[in-house]
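Right, one structure below, let's go through it.
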Amino acid sequence: MRAHDSATPQSRIAVPQPGTHGAPAGTAPTHTAPTVAAPTPGPPTPGEASVASGSSRRGTACAALGVAAFSLTFPSTAWGLESFGPWSLVSLRALLGAVVAGALLLALRVPVPARAHWAGLAVVTAGVVLGFPALTTLALRSTGTSHAAVVVGLLPLTTAAFAALRTGSRPSRRFWVAAVAGACVLLGFTLAQGGGVLSPGDGYLFLALLVCAAAYVEGGRLARLMPGWQVMGWALLLSVPLALPGAVLALSLEPTSLGPRGLTGLVWVALGSTFFGGYVWYRGIAEIGPARAGQLQLAQPLLTLVWAVTLLGEHLSPAAPVAAAAVLVCIAVTQRG
């Protein structure tokens, strides 16, 4: 067999010659295995640093796009409530998203996730597919969009706390200080927008905060194992056994009054916020981590207020530019923390 036909890589072996290195002439050479020094880790190469930087920018862009999609959720929900009852809207948005997700998963022949992933997918389903939509929809019946924005103002802190418990991450002190400061700014701003009065819907809002943060962290973990759209796709399909009978029952009990704004709101919360927003959001979390991605949501309440003015005709306080500047500073600090 020729040397180059062998699957074993060829290498040169230095054989001591008789009479060298102090070996007496005529004695058999002694072959000793060469000593190979263990490689020591060094600083990342320029190529590795460039890849990491590109991954960070891509993750930040995806998370920011998710925030933009989520910022339309409350105004779209308000539109949807013009045509549907709260339980009908929640059930129909899950079913519509499941139909699109199921068709896409089937067309691309995506394999069924491993059994170990279904518990995490159930958390995502309970949090962002059913829990958060149901709780915020119920809250929006008695609170305005600006007041409901307090939920997403506090969501980054809750997400970071869940991430620390679930993944063992430990953000820096500067990170926490900036996050708390940003959340306080938004809390004060949104409460001022709501007149400083706690409504009956506040209980729904804070419960929504908890279930959504848990789902964000678990979905971000799963997005490291499968594409973000598959995380949302399987989570939506997992909701069908509850959403289908729920929709049938709710539509039979709640009045409906179909209109263009109501249908537009339903389509957006199902496909824009839940499916597309969830896809880019979980992809961003997989790239930059749930705590860092969560801080981008500090800008979400202000975006929601912009949509509330342009789409719902709500009045915007003159304090909005000041709050926006403070939030942007906090975001910049948390991204470096």
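The values are calculated or read from the model by the stated rules, or taken from the named source; none is laboratory data. Treat the numbers as computed from the prediction; the structure is a model and nothing was measured. Reconstructed Cβ throughout: ideal geometry from the backbone, glycine too, with neighbour counts over all protein chains shown. These accessible areas exclude ligands, DNA and RNA; they are computed on the full protein's heavy atoms, side chains included. Shrake-Rupley method; radii C 1.70, N 1.55, O 1.52, S 1.80 Å.
If you check Gly262, Gly201 for being touching an Asp or Glu at 6+ places or on another chain (Cβ under 6 Å) and more than 23 Å from Gly168 (Cα to Cα), only one passes: Gly262. Met226 meets all of the listed conditions (1) open to solvent by 30 Å² or more (accessible area, probe 1.4 Å); (2) outside any helix (DSSP H, G or I) but one, namely (1).
Conditions tested, residue by residue: (1) among the polar types (S, T, N, Q); (2) assigned to a loop (DSSP other than H, G, I, E, B); (3) farther than 13 Å from Thr274 by Cα; (4) open to solvent by less than 20 Å² (accessible area, probe 1.4 Å).
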| residue | (1), (2), (3), (4) |
| --- | --- |
| Val112 | no, yes, yes, no |
| Ala116 | no, no, yes, no |
| Val124 | no, no, no, yes |
| Gly127 | no, no, no, yes |
| Leu130 | no, no, no, no |
| Thr136 | yes, no, yes, yes |
| Ala139 | no, no, yes, yes |
| Thr143 | yes, yes, yes, yes |
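Scanning the stretch 252-274 for residues that are of a type in the set (A, V, I, L, M), touching a Ser or Thr at 6+ places or on another chain (Cβ under 9 Å) and under 23 Å from Val128 (Cβ atoms) yields Leu263, Leu266, Val267, Val269.
Checked against the criterion of being closer than 21 Å to Val280 by Cα and open to solvent by less than 80 Å² (accessible area, probe 1.4 Å), the candidates Ala181, Ala214 yield just one match: Ala214. Just to be sure, is Gly228 out of contact with any Ser or Thr (no Cβ under 8 Å at 6 or more places or on another chain), at pLDDT below 85 and within 26 Å of Ala107 (Cβ to Cβ)? Answer is yes for this residue. If Pro156 passes every condition in (1) in a helix (DSSP H, G or I); (2) in contact (Cβ under 8 Å) with a residue 24 or more places away in the chain; (3) open to solvent by 50 Å² or more (accessible area, probe 1.4 Å) but one, which one does it miss? All conditions are met except number (3). Looking only at residues of the stretch 101-110 that are of a type outside the set (Val, Ile, Thr) and either surrounded by fewer than 18 Cβ atoms within 10 Å (Cβ to Cβ) or touching a Pro at 6+ places or on another chain (Cβ under 7 Å) (or both), we find that the one that is nearest to Leu238 (Cα to Cα) is Gly102. Just a yes or no: is a residue in the stretch 78-100 open to solvent by 20 Å² or more (accessible area, probe 1.4 Å) and under 23 Å from Ile288 (Cα atoms)? No, the stretch 78-100 contains no residue that is open to solvent by 20 Å² or more (accessible area, probe 1.4 Å) and under 23 Å from Ile288 (Cα atoms).
Does the stretch 185-203 include one or more residues that are touching a residue at least 24 places away in the same chain (Cβ under 8 Å), open to solvent by less than 10 Å² (accessible area, probe 1.4 Å) and outside any helix (DSSP H, G or I)? So far as the stretch 185-203 goes, yes, one or more of its residues are touching a residue at least 24 places away in the same chain (Cβ under 8 Å), open to solvent by less than 10 Å² (accessible area, probe 1.4 Å) and outside any helix (DSSP H, G or I). From the residues in the stretch 245-297 that are among the basic types (Lys, Arg) and over 10 Å from the mean Cα position of the chain (by Cα), which one is modelled with the lowest pLDDT? This residue is Arg292. Residues in the stretch 149-166: is at least one at pLDDT below 85 and of a type in the set (D, E, K, R)? For the stretch 149-166, residues at pLDDT below 85 and of a type in the set (D, E, K, R): present.
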